Amino acid sequence: MAGAAAATPLVSYRETWRRKAVLQALYADYYRRIAKLLKPGPTLELGAGSGQLREHVPDAVLTDIQSAPWLDGTADAQALPFQDASFNNIVLLDVLHHVENPSLFFAEAARVLRPSGRIVMLEPAITPLSGIFYRYLHPEPVDMKQDPFTDVPADPERDPYDANQAIPTLLFRRRRAEFSHHFPDFNISSVRYLSLFAFPLSGGFRRWSLIPALFVRPLLVLEDGLLLLLGPAMAFRLLVMLERQ
């Protein structure tokens, strides 16, 4: 397994995490917010990457489409290798916008979740300001014209990092009224804007950062006070909670 991990970007992401204190501070806040929304009981993370959810949910089952020694296994979000009604929660952080056909994921999530189980996800938000950043300063594309409810032919050669950052905004903001029609197993319980300044200034998983780690917490406190006013215009993130019927 270690050899397989060395061929993937997961090792380099984990090393970046270890070196970059500002990234640790920012994502710790994300994971704390996610953990507060989880129900007691078995929790599955998809796209667990460098494995930081376990610091906040110690017994979580960590999976990714690629293998790594610190993960519990591999799993494709569109074909989950778990029995029916196995989990109370599914967590995704920056995963849904990489899924080739979201409808397959929601069908699988409905199968492996117990009644009233939750999907909690944190994803890109495309707002007037963040959209400029994501379109011109981020390597992943933004296609607001894609129909998030229509499946595309599966591509066996598809890179797991292919993405459309617009998908979460389309599903949970622009076309939210259609969601329950297409995915009747789930209710949208909450959709919150997050991240105004700290996320773009951190540089994410790139080597650079425009702020030191000690500034992250004060910035996040300031953001929380401004999100109601500025979130629709400039937020970089959506925090979404769905509940299974």
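Worth pointing out:
- Global geometry of the stretch 184-245, whether rounded, prolate or oblate, following the gyration tensor of its Cα atoms and the 1.5 cut on a/c: prolate
- Three-way shape label, the stretch 28-112, alpha-carbon gyration tensor, a/c 1.5: rounded
- Mean separation of Cα contacts under 8 Å (6+ apart) over length of the stretch 60-214, as relative contact order %: 19 percent
- Summing charges over neighbours of Leu92, with a neighbour being any other residue whose Cβ is under 9 Å away from its Cβ, gives -3 when K and R count +1 and D and E count -1.
- Each of Leu239, Leu226, Pro40 was scored by the projection of its Cα onto the charge dipole of the chain, and the greatest displacement toward the positive side belongs to Leu226; charges sit on the C-beta of Lys, Arg, Asp and Glu.
- Derived scalar couplings ³J(HN,Hα) [the stretch 158-167; Karplus, 6.51 cos²θ - 1.76 cosθ + 1.60; whole Hz; x for Gly, Pro]: 5, 6, x, 8, 4, 7, 9, 5, 7, 3
- In order along the stretch 120-131, the Karplus-derived 3J(HN,Hα) couplings, from 6.51 cos²θ - 1.76 cosθ + 1.60 at θ = phi - 60°, round to 10, 9, 10, 9, x, 10, 9, 10, x, 7, 5, x Hz, and Gly and Pro are given as x.
- Carbon plus sulfur fraction of accessible area for the chain, probe 1.4 Å, in percent: 58 percent
- Cleavage-rule hits, trypsin sites (Lys or Arg not before Pro), the stretch 114-182, DSSP coil, Cβ neighbours within 10 Å at most 13: Lys145, Arg158
- Note that the chain presents 46 Å² accessible area per residue, ligands and nucleic acids not counted, probe 1.4 Å.
- Shape category assigned to the stretch 108-171 from the gyration tensor of Cα positions, a/c cut at 1.5: oblate
- 3J(HN,Hα) couplings calculated from phi for the stretch 169-178 with the Karplus curve 6.51 cos²θ - 1.76 cosθ + 1.60 (θ = phi - 60°) are, in sequence order, 5, 4, 5, 10, 10, 5, 10, 4, 4, 8 Hz; Gly and Pro show x.
- Volume per residue for the stretch 111-245 equals 148 cubic angstrom (convex hull of Cα atoms).
- Report summary: the helix-based calculation at 222 nm, which adds -39500 (n - 2.57) for every DSSP H run with n ≥ 4 and divides by the residues of the chain, gives -10000 deg cm²/dmol.
- Cα gyration tensor of the chain - equivalent ellipsoid semi-axes, whole Å, descending: 25, 22, 19
- The mean sequence separation of alpha-carbon pairs under 8 Å and at least six residues apart, normalised by the residue count of the stretch 44-122, gives a relative contact order of 30 percent.
The values are calculated or read from the model by the stated rules, or taken from the named source; none is laboratory data. Being a predicted model, the structure only gives us computed values, none of them experimental. Cβ: placed from backbone, ideal geometry, glycine included. Neighbour counts: every protein chain shown. For the accessible areas, the whole protein counts, side chains as well, though only heavy atoms, and no ligand, DNA or RNA atoms are used. Shrake-Rupley method; radii C 1.70, N 1.55, O 1.52, S 1.80 Å.
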